[in-house]
Amino acid sequence: MSASPSPSNFRVPAHRRVRGGTVQGLLKLQRASQRIASTLDLDQLIDKTVGDVARWFGCNEANIYLHDEGEGEMVLAAVHGCRLHSKGHRLYLDQLGMSGWVAQTGQMRYAPDVRLDPYYVACEPLTRSEVDIPLKINGRVIGVFSVEHHELNAFTPEDLRLLRALGDHIAVAINNARRFRVEQVRSQRMSQDADEARLIQQALLPKASPYAPGFEVTGLSAPARAVGGDWYDYLPLPEGRHGLVLADVSGKGTAAALLMSATRAMMRSLAEHHTCPGEMLGRLNDAVLNDFPTGRFVTMLYGILDPAARTLHFASAGHPMPLITHGDGEVHLQAESGLPLGVAGNVYPVNTIHLPRGSRVLLYSDGMTEMLNAAGEEFGRERLRDQLLEPGATADGILAGVQHFAGARAPADDATLILIKA
């Protein structure tokens, strides 16, 4: 294998020595480096680079080849001045002449007179000198930066140093742009997945309120992210009764949404066979203990609304107790609660609420009371009670009141509620 000819064997033209002043060269390197570092679009980055280098050094041709490791080829990613090959042209390493030699050896190659270099492959007939610089990341060649000139020995030792330094900047910028592109694609896929998951989760929520003569039942859920771990559900039961579910799976995001979906499926399969809320939660707890990963749990309030008897029988698995008003103020319910589902074997006591005309019951997740405003204050149970006591209180109005309190601050948790009005 022939060694690269030494630039000392050729006389540098006087006008070229004047052009290559140290200060001027460093300023070019600085401008180029700043421009390169500020660009994360890979195609734009390399197109700008070859154009700038060709203009600054008076080159008739400048190219960047990038290594396609999957195919074992070099791809012409950017080209300036070459009429033989266009962008996207592919060649195997042993077909690339000087660039192929540089890609294989990882060493710079300078041909002061390309006619004397055994590896030179002609592209432009006016080319007389060429320098090819490896683009490396962590010692691995990711591409080759090639610059050609119509003059013999057109590149001074200072030019070669500047071009090598520029090659280092180009390699880092290309690596960053590639990583950015990968992250961009991954982010887009995650966003698409999240959108699909959100649509699926919304489809799992009730499409309509239950028909319960003498009662109005409305549920709403506002996830903190695209998907969440809160949900509510209505379950039709015999004799005109309705099961009402409001639950909160530990954690957030996709993991919580998956566990929510699994719990919902188990809940629906058990509810029609168990008409006692406490017994139903006990059976569901057994299923969750067997199926959930360690450290995951669910808080849940399950009630059975009986319109004919005007009662709500409910049991709580570590979930906030409902707020109740009979029109003359809040009733502070002193009720028993069991452990969250998935923590340990447990018994779930049943509580009963009588609902005369004018009564209201609010089932809610802790994302409502724990909503923070810009000052870091919690919305709290007292403010939620005030919302419920408003004469024209609605589910939409209560949720809007909580969100207005938070202002521009992003919610940290899902907010879900069911409002029962007699």
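Each reported figure results from applying straightforward, stated rules to the coordinates on display, with no laboratory input. Bear in mind the structure is a predicted one, so any value in this text is a computation, not a measurement. Here the Cβ positions follow ideal geometry from the backbone for every residue, glycine too, while neighbour counts run over all protein chains shown.
Below are the figures for this structure:
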| read-out | value |
| --- | --- |
| Residue-averaged [θ]222 nm for the chain, counting only DSSP H segments that reach four residues, each worth -39500 (n - 2.57) | -12000 deg cm²/dmol |
| Top positive-direction residue, dipole computed over the chain with Cβ charges, set Ile142, Gln188, Ala317 | Ile142 |
| Sites excluded, GluC sites (Glu not before Pro) in DSSP loops with at most 10 other C-beta within 10 Å, longest stretch of the chain | 72-422 |
| Solution diffusion estimate, µm²/s, Stokes-Einstein, the range 158-305, Kirkwood Rh from C-alpha pairs, 20 °C, viscosity 1.002 mPa s | 115 µm²/s |
| Trypsin sites (Lys or Arg not before Pro) lying in DSSP loop within the range 317-422, provided at most 12 other Cβ fall within 10 Å | Arg357 |
| For the range 206-421, average projected area of the Cα convex hull in nm² | 11.3 nm² |
| Qualifying chymotrypsin sites (Phe, Trp or Tyr not before Pro) for the range 203-300 [loop in DSSP, other Cβ within 10 Å: at most 12] | Tyr211 |
| Reachable lysines from Lys87, criterion Cα separation under 16 angstrom, eight or more residues apart if same chain | Lys48 |
| At q = 0.14 Å⁻¹, base-10 log of I(q)/I(0) for the chain (Debye sum, equal scatterers on each alpha carbon) | -1.11 |
| Using alpha-carbon coordinates, inclination of helix 395-406 to the longest axis of the chain, degrees | 50 degrees |
| Distance between the range 105-148 and the range 51-97 - C-alpha centres, whole angstrom | 10 Å |
| The chain: antiparallel DSSP beta bridges as a percent of all, rounded to 5 | 95 percent |
| Sequence-distant lysines (8 or more away, or on other chains) whose Cα lies within less than 26 Å of Lys207 | Lys252, Lys421 |
| Top positive-direction residue, dipole computed over the chain with Cβ charges, set Leu399, Val350, Ser337 | Leu399 |
| Sites matching trypsin sites (Lys or Arg not before Pro) across the range 142-237 that sit in DSSP coil, with at most 11 neighbouring C-beta atoms within 10 Å | Lys207 |
| Gain on full stretching of the segment that runs from Ala400 to Arg283 - 0.36 nm per residue minus C-alpha separation | 38.6 nm |
| Dipole moment magnitude, nearest 20 debye, the range 206-421 about Cα centre, only Lys, Arg, Asp, Glu C-beta charged | 320 debye |
| Among Ala308, Gly72, Leu384 the positive-end extreme of the charge dipole of the chain (Cβ point charges) | Gly72 |
| Sorted largest first, extent of the range 272-389 alpha carbons per principal axis (Å) | 45, 43, 21 |
| Test item: Cα-centred dipole of the range 324-422, Lys/Arg +1 and Asp/Glu -1 on Cβ, debye | 280 debye |
| C-alpha long axis of helix 22-37 to longest principal axis of the chain, angle in ° | 30 degrees |
| Unit charges on C-beta of K, R, D, E only; dipole of the chain, Debye | 1500 debye |
